[in-house]
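K.L.:
So that we are looking at the same thing, I have put the structure below in structure tokens.
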Amino acid sequence: MTTISQRLKLARKHARLTQKALAEKVGVEQPVISQLETGRSQKSAFIYDIAVACGVSPAWLSHGSGDMLDARNGPVLTTFADSNAELIGDISAWDEDDPLDEDDVEVPYFAEVEFAGGNGMTEVVEMGDRKLRFSATTLRAAGVSSQGAACARVKGKSMERLILDGAAIGFDMHDTNIHDGEIYAFNHGGMLRVKYLYRLPGGAIRIRSENDDEYPDEVMSAKQWHDEVRMLGRVFWWSTVRRSPKR
């Protein structure tokens, strides 16, 4: 029958961890591990966490029951599972004709509209019959005033991995000065574009896509930028609805 100190040494070697590294994974001081391994301590409130950190059975490490890697004696994980989300509340659905709640604001919606004649030319306009609701608290947290907020919808895959095709975005019309590496919405000759922007010497602007493998960087001279582009604002929010795979 092995002792807990012997089992711990085996577990630590299995995980290829030093005493210090194991202690850091568990969130304890190194002497806690040392005392268990030398037999000065036979019990610890951290046995389960030590087993998880080493990827062995907690029952085996604690009592010698079953096999070292027998998952039936308890969960065997090689790393800790970290929480990467926070529950902040329920979603409150609303229809367009529902009255605004006390903390709600409606922001204008911008889109490309094709010119009459069907020549493919477009212009970016505010759609008076379309709005998107935001919580005033959300806007304040983003440092955006309700008077400066607006929204649009992204088309295409140039910003994918970050902003998917069809995603709704929110942008701040009061924040139009370019800060390198920030994402901006802008009207480029009647096209509604959403890109990373960077300033270059001589007033030139680099336009970068998230999906830069398929959409290489563009550079516009200061004159081109001035003549062809109207800045809409810095993008502070985006959201994509994922459809159920059952549909």
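The values are calculated or read from the model by the stated rules, or taken from the named source; none is laboratory data. Quantities reported herein were computed from a predicted structural model and do not represent experimental measurements. All Cβ positions, even for glycine, are placed from backbone atoms using ideal geometry, and neighbour counts span all protein chains on display.
K.L.:
Give L132, L197 a once-over and let me know the one that is modelled with pLDDT under 90 and not charged (D, E, K, R).
P.N.:
L132 is the lone residue from the list that is modelled with pLDDT under 90 and not charged (D, E, K, R).
K.L.:
From the set of residues in region 37-50 that are closer than 16 Å to Q19 by Cα and among the polar types (S, T, N, Q), which is modelled with the highest pLDDT?
P.N.:
Residue satisfying both the conditions and the ranking: T38.
K.L.:
Could you list, in sequence order, the residues of region 35-50 that are assigned to a helix (DSSP H, G or I) and more than 11 Å from R12 (Cβ to Cβ)?
P.N.:
Scanning region 35-50 gives Q35, T38, I47, Y48, D49.
K.L.:
Only one of G181, G170, G128 is within 17 Å of the chain's Cα centre (by Cα) and in a strand (DSSP E or B); which?
P.N.:
G170
K.L.:
What tally of residues in region 143-160 results from selecting those that are farther than 21 Å from E210 by Cβ and in a loop (DSSP other than H, G, I, E, B)?
P.N.:
Going through region 143-160 one residue at a time, the tally reaches 6.
K.L.:
Tell me which of these E182 doesn't satisfy, since it passes every other one: (1) farther than 24 Å from R242 by Cβ; (2) exposed (fewer than 14 other Cβ atoms within 10 Å of the Cβ).
P.N.:
With respect to (1) farther than 24 Å from R242 by Cβ; (2) exposed (fewer than 14 other Cβ atoms within 10 Å of the Cβ), E182 is out only on (2).
K.L.:
Which number in (1) within 30 Å of L132 (Cβ to Cβ); (2) small (G, A, S); (3) at pLDDT 85 or above marks the one condition that A53 misses?
P.N.:
Among (1) within 30 Å of L132 (Cβ to Cβ); (2) small (G, A, S); (3) at pLDDT 85 or above, the lone unmet condition for A53 is (1).
K.L.:
Now for a separate question. Quick check: anything in region 209-229 under 25 Å from the mean Cα position of the chain (by Cα) and farther than 19 Å from G156 by Cβ?
P.N.:
Kept after step one, since they are under 25 Å from the mean Cα position of the chain (by Cα), are these residues of region 209-229: 209-217.
Going one step further and asking which of them are farther than 19 Å from G156 by Cβ, we end up with none.
Scanning region 209-229, I find no residue that is under 25 Å from the mean Cα position of the chain (by Cα) and farther than 19 Å from G156 by Cβ, so the answer is no.
K.L.:
Return the only residue of A23, A51 being assigned by TED's automatic domain parsing to the domain that holds M68, of a type in the set (G, A, S) and within 16 Å of L69 (Cβ to Cβ).
P.N.:
Values: A23 fails: within 16 Å of L69 (Cβ to Cβ).
Result of the check over A23, A51: A51.
K.L.:
Moving to a separate point now. Considering (1) modelled with pLDDT under 95; (2) farther than 14 Å from V107 by Cβ; (3) in a helix (DSSP H, G or I), say which one R140 fails and leave the rest.
P.N.:
Against the list (1) modelled with pLDDT under 95; (2) farther than 14 Å from V107 by Cβ; (3) in a helix (DSSP H, G or I), R140 comes up short only on (2).
K.L.:
Then there is this: Please work out if G202 is over 21 Å from the mean Cα position of the chain (by Cα), on the phi > 0 side of the Ramachandran plot and outside any loop (DSSP other than H, G, I, E, B).
P.N.:
yes
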